[in-house]
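Heads up: the structure comes next, in structure tokens.
The values are calculated or read from the model by the stated rules, or taken from the named source; none is laboratory data. What you see is a predicted model, and the numbers here were worked out from it, not measured in a lab. All Cβ positions, even for glycine, are placed from backbone atoms using ideal geometry, and neighbour counts span all protein chains on display. These accessible areas exclude ligands, DNA and RNA; they are computed on the full protein's heavy atoms, side chains included. Shrake-Rupley method; radii C 1.70, N 1.55, O 1.52, S 1.80 Å.
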Amino acid sequence: MPDEEQRAGVRLTNLDQPLCADAGATKRDLVDYLDAMADRILPVLADRALSVVRVLRGQDPFMQKNLPKYAPSTVPTIDVPTQDG
């Protein structure tokens, strides 16, 4: 299997990378699971705000605060006040 593919128009990379050192699962395993469970998960998540915590190799986890420029304009956003304004 290639380590890059598209699903539902979303480019997925590093799919054979472990989720973490002792997880015993890869990013592909997680994507496959979410894909298989989508019919059950999506109705529960509909109309809920999403927080994105990113974990990049060699960096501490961080919360992504802004919508990426490449996100479709159809993605709704909300303003959330923060401690530092």
Filter the range 46-74 for residues that are surrounded by 10 or more Cβ atoms within 10 Å (Cβ to Cβ) and not β-branched (Val, Ile, Thr); the one that is farthest from residue 15 (Cα to Cα) is 67
Screening 28, 11, 40 for residues that are within 16 Å of the chain's Cα centre (by Cα), open to solvent by 90 Å² or more (accessible area, probe 1.4 Å) and not polar (S, T, N, Q) leaves only 11
Screening 22, 16 for residues that are in contact with a Ser or Thr (Cβ under 7 Å, 6 or more places away or on another chain) and in a loop (DSSP other than H, G, I, E, B) leaves only 16
